[in-house]
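Enquirer: One structure, as structure tokens, below. Some questions next.
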Amino acid sequence: MNTDQQTRDTCPMGAWNEQHTLDYVSKWGELPLHQKIPELCHLKNTDKVLDIGCGSGAAVRAIAEKLKLGQVIGIDPTAKMLEIATKLTPMATGMTSVTTGTDVEQIRFIHAGAEAIPLENDSLDLVLAVNSFHHWTDVTAGLSEVLRVLKPLGKFVIIDDIWDEMPEYATQTCASLPQENEQAVVNKQVNTQPQELASSMAELKLVGVIKRTMAEAQFTGINSREYRMNEVEAVIISGFKRDVKAEF
């Protein structure tokens, strides 16, 4: 059995081996982008937030610094990532809530992936995927889980590099999602069963494909924008969970 096969057989779904993890953290673990996350997702200081694929926890720490009564939880399928995140996050301990007097963990790291989020239904204000959406192993299951844990009108935000501008991805934009179909799908907000969602890592880096995928999963109010300032260039794609009760 080769090393890659051993890794797949012994790691949870989507988990990376130790060398891949260490390489990634050394190159991408701490970026100027992470400090901008609270601004880019319009964080409120009372939000309860989940960061899916939190890696070494840079975005979690940036969010925690802005919270007062809120909470931030980072999940990752790779145990080594969470080990590193915990070491880098000294404030990831229990704290006492001034308002309730109960024990509240302002920052938590949990070993889990997008496909099985170990949190209660309707419990989160904001769910993030920072440079991680295209790594999800089952996008259909992951988006279903995001909708389950979000409160009604809760927001899901994907933040990533502007892949569409890169030559190797530009040619895929037209092939994967014809321009005339993208906005029609987003506007339609289809109420039928979702079509087969985009599965390849390359496709899931493209804004049009991401928006279509979110629309098919029944998110509403889907929009995208770009941020370009100093060292940070990113695309921000967001959508909301429907408030079903308010529709009746």
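Enquirer: At a probe size of 1.4 Å, how large is the accessible area of HIS135, to the nearest 10 Å²?
Expert: Looks like 70 Å² after rounding.
Enquirer: Among the listed pairs LYS44/LYS68; LYS80/LYS155; LYS48/LYS151; LYS66/LYS151; LYS151/LYS241, which are separated by more than 19 Å between their Cα atoms?
Expert: Checking Cα-Cα distances, LYS80/LYS155; LYS66/LYS151 exceed 19 Å.
Enquirer: Rank these residues by their accessible area, most exposed first, probe 1.4 Å: THR21, THR140.
Expert: Ranked list, largest accessible area first: THR140, THR21.
Enquirer: So, one more: Search the structure for amide H atoms under 5 Å from the amide H of LEU50, placed 1.01 Å from N in the peptide plane, and list their residues when 5 or more places away or on another chain.
Expert: Here ILE73, LEU126, VAL127, LEU128 satisfy the definition.
Enquirer: Additional query: Please arrange GLU83, GLU226, GLU216 by accessible surface area, largest first, computed with a 1.4 Å probe and ligands excluded.
Expert: The residues order as GLU226, GLU83, GLU216, largest area first.
Enquirer: Okay, moving on. Among SER224, SER238, what's the order by accessible area (1.4 angstrom probe), most exposed first?
Expert: Descending accessible area places them as SER224, SER238.
The values are calculated or read from the model by the stated rules, or taken from the named source; none is laboratory data. The model shown is predicted, which means the values in this text are computed figures rather than measured ones. For the accessible areas, the whole protein counts, side chains as well, though only heavy atoms, and no ligand, DNA or RNA atoms are used. Shrake-Rupley method; radii C 1.70, N 1.55, O 1.52, S 1.80 Å.
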